[in-house]
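One structure is given below, encoded as structure tokens.
Each reported figure results from applying straightforward, stated rules to the coordinates on display, with no laboratory input. What you see is a predicted model; the values in this text were computed from it and never measured. Cβ atoms come from the backbone with ideal geometry, glycine included; neighbour counts cover every protein chain shown.
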Amino acid sequence: MRRNSKNLSIIDKELKIDGAIESCGKLIIKGQVKGTIDGDVVIIAQGGEVNSTLTKVSILTIGGSFKGELIASKQLIILASGSCEGKVVCQDLIVENGGLLNADISCKTTSKMEPAKKEKLFFLKKAESSQKEENQIEL
């Protein structure tokens, strides 16, 4: 029998956790968490609260409240009902209208910027070659 690699864990409304959390798959937080989180996909639902000394995830979606230090290797999404305070390092950042972001932010998108640089160089070279062609025609 194959093991399902898509795990789902829920910290429900009435649950308060103080300590370290390690999770695989998706973790939904509806209650309160104080401490560290190390996981893959974490969702802080509306009404959920996280006060973290260090949170390391791939993707974090905030519909509730997050305070602390965050490293999101792929994406940070702050929903209209969400708020984020502290220090944030992420690759992609999405903030919905109404979402609150009050943090020291560092977006690491260098891999996405490189193709844009190459594209810009392509257009510059193309523009230079058309100018040369125009100069040759004028002569």
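Please give me the summed charge of the neighbours of Asn51: other residues whose Cβ is under 10 Å from its Cβ, Lys and Arg +1, Asp and Glu -1. Here the charged neighbours net out to -1. Amide hydrogen proximity for Ser23: with H placed 1.01 Å from N in the peptide plane, the residues at 5 or more positions away or on another chain lying under 5 Å are Asp38, Gly39, Asp40. Under 14 Å from a label point set 7 Å out along the Cα-to-Cβ vector of Ser106, the amide N atoms of region 49-78 belong to 69-73. Extension gain, Lys16 to Ile94, is 25.3 nm, computed as 0.36 nm per intervening residue step minus the present C-alpha separation. Over all other residues within a Cβ to Cβ distance under 12 Å of Ile71, the charged ones net out to +2, with Lys and Arg as +1 and Asp and Glu as -1. Can you check what the net charge comes to around Ser23, using other residues whose Cβ is under 15 Å from the Cβ of Ser23 (Lys, Arg +1; Asp, Glu -1)? Net of charged neighbours comes to 0. Among the listed pairs Lys6/Lys87; Lys6/Lys34; Lys30/Lys56, a Cα-Cα separation exceeding 21 Å is found for Lys6/Lys87; Lys6/Lys34.
The coefficient of translational diffusion for region 8-108, derived via Stokes-Einstein from the alpha carbon Kirkwood radius under 37 °C and 0.692 mPa s, stands at 256 µm²/s. What distance in nm separates the two pseudo spin-label positions at Lys34 and Thr53, each 7 Å out from Cα along the beta-carbon direction? Those two pseudo-labels are separated by 1.3 nm.
Taking a ≥ b ≥ c as the square roots of the eigenvalues of the Cα gyration tensor of region 49-91, is the shape rounded (a/c under 1.5), prolate (a/b larger than b/c) or oblate? Display every interim value, and only then the final one.
On the way: a/c = 1.93, a/b = 1.14, b/c = 1.69.
Note, shape of region 49-91 comes out oblate.
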